[in-house]
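First comes the structure, then the notes that go with it.
The values are calculated or read from the model by the stated rules, or taken from the named source; none is laboratory data. Note that the structure is predicted; figures quoted are calculated from it, not measured. A quick note on method: Cβ atoms are made from the backbone with ideal geometry, for glycine too, and the neighbour counts reach across all protein chains shown.
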Amino acid sequence: MIKTLLTLSTVSILVFANGAEEIRIIDKPIDFGIERIDMTKSYIKEHYGYEVENIEIEPRIIVLHWTADMSFKKSFNRLKPQKLFSDRKDIVKASALNVSAHFLVKRDGTIYRLMPENWMARHVIGLNYSSIGIENIGGKSNNKEDLTKAQLKANIALVRYLKNKYKSISHLIGHHEYREMEGTELWLEMDEGYRTEKSDPGDKFMADVREAVVDLNLSDTSK
């Protein structure tokens, strides 16, 4: 059973799911207007081959990330605009649509929801149309496994909350594991040359999260 308390002043939600620990989610929307919606539809058509009327998804995968930046403000401001920053030369040729994620978790474990959970975010090649992305502030220089215990606790709570809310979720992966999903029914990317190398959020963080939610029976990659 889920009990939900809406506080309009801070737009926060308290959720109690299946006896799990309390989770507090604060809404902090990124810019997601008509322009971003239209670019998302175009992305879906170009990369996945689907003509869609809206950008709603059926969540099947939870993908955990780190930002590679230690500043919450800078990380949020990177995700906020509708168009991609010009310095993202690794992915800008694929689309001008800015990267995004559904959640952003601070170093102290505070959870922010950036966009509707069932809208498509651009956060993982090949799997965006079925995945919910959780970004964590950290991963300094994109190679240091430095996510905090508070973030670990928050990610565990989020995974439980999302699995309870969306029964369709069957997989939990780290961003660095995404290419292991190639060849599965969930992989949709049509451009064989569009791939990037990722290290986030690290093997240890993923192992710790998986150990804590083993009872949810979430598959990792190719299963």
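Among residues belonging to the stretch 90-101 that are touching a residue at least 60 places away in the same chain (Cβ under 8 Å), part of a loop (DSSP other than H, G, I, E, B) and not small (Gly, Ala, Ser), point out the one that is surrounded by the most Cβ atoms within 10 Å (Cβ to Cβ). Outline the logic, then answer.
Step one: of the stretch 90-101, the residues touching a residue at least 60 places away in the same chain (Cβ under 8 Å) are 90-91, 94, 97-98, 100.
Going one step further and asking which of them are part of a loop (DSSP other than H, G, I, E, B), we end up with 90-91, 94, 98, 100.
Restricting the remaining residues to those that are not small (Gly, Ala, Ser) gives 90-91, 98.
On the way: Asp90: 11, Ile91: 14, Asn98: 21.
Looking at residues that are touching a residue at least 60 places away in the same chain (Cβ under 8 Å), part of a loop (DSSP other than H, G, I, E, B) and not small (Gly, Ala, Ser), I get Asn98.
Among the residues of the stretch 149-163, what is the count of those that are surrounded by fewer than 17 Cβ atoms within 10 Å (Cβ to Cβ) and in contact with a strand residue (DSSP E or B) (Cβ under 9 Å, 6 or more places away or on another chain)? Result for the stretch 149-163: 1. The residues of the stretch 150-178 that are part of a loop (DSSP other than H, G, I, E, B) and not small (Gly, Ala, Ser), listed by number, are Tyr166, Lys167, Ile169. Of the residues making up the stretch 131-149, just one is over 21 Å from Leu79 (Cα atoms) and in a helix (DSSP H, G or I), namely Lys149.
Can Leu216 be described as surrounded by fewer than 18 Cβ atoms within 10 Å (Cβ to Cβ) and in contact with a helix residue (DSSP H, G or I) (Cβ under 6 Å, 6 or more places away or on another chain)? In short, yes. Selection of strands (runs of 3 or more DSSP E) fully inside the stretch 4-89 by the criterion of at least 2 residues being modelled with pLDDT of 95 or more and either closer than 27 Å to Ala207 by Cβ or aliphatic (A, V, I, L, M) (or both) returns 23-27, 61-64. Residue pairs whose Cβ atoms lie under 7 Å apart, separated by 6 or more positions or on different chains, with the first residue in the stretch 36-53 and surrounded by 13 or more Cβ atoms within 10 Å (Cβ to Cβ) and the second at pLDDT 95 or above and part of a helix (DSSP H, G or I), are Ile44/Tyr129; Tyr48/Tyr129; Val52/Lys41; Val52/Ile44. Checked against the criterion of being within 26 Å of Gly33 (Cβ to Cβ), part of a helix (DSSP H, G or I), touching an Asp or Glu at 6+ places or on another chain (Cβ under 7 Å) and in contact (Cβ under 8 Å) with a residue 24 or more places away in the chain, the stretch 109-130 contains one or more residues that satisfy it.
Only one residue in Phe72, Phe85 is in contact (Cβ under 8 Å) with a residue 60 or more places away in the chain and of a type in the set (Phe, Trp, Tyr). Which one? Exactly one of Phe72, Phe85 is in contact (Cβ under 8 Å) with a residue 60 or more places away in the chain and of a type in the set (Phe, Trp, Tyr), namely Phe72.
Scanning the stretch 192-219 for residues that are part of a helix (DSSP H, G or I) and either free of Cβ contacts under 8 Å to residues at least 12 places away in the same chain or in contact with a His (Cβ under 9 Å, 6 or more places away or on another chain) (or both) yields Asp203, Met206, Ala207, Glu211, Val214, Asp215. Flag: Ser219 matches the condition of being hydroxyl-bearing (Ser, Thr, Tyr), more than 24 Å from Val52 (Cβ to Cβ) and at pLDDT 95 or above. Beta carbons closer than 7 Å, at least 6 apart along the sequence or on distinct chains, never pair a first residue in the stretch 13-31 that is on the phi > 0 side of the Ramachandran plot with a second that is surrounded by 18 or more Cβ atoms within 10 Å (Cβ to Cβ) and at pLDDT 95 or above.
Applying the condition of being in contact with a strand residue (DSSP E or B) (Cβ under 8 Å, 6 or more places away or on another chain) and either of a type in the set (Asp, Glu) or within 24 Å of Gln151 (Cβ to Cβ) (or both) to the stretch 172-197 and asking which residue is surrounded by the fewest Cβ atoms within 10 Å (Cβ to Cβ) yields Glu180. One residue stands out in the stretch 122-158 among those that are more than 19 Å from Ala207 (Cα to Cα) and charged (D, E, K, R): the one that is modelled with the lowest pLDDT, namely Lys140.
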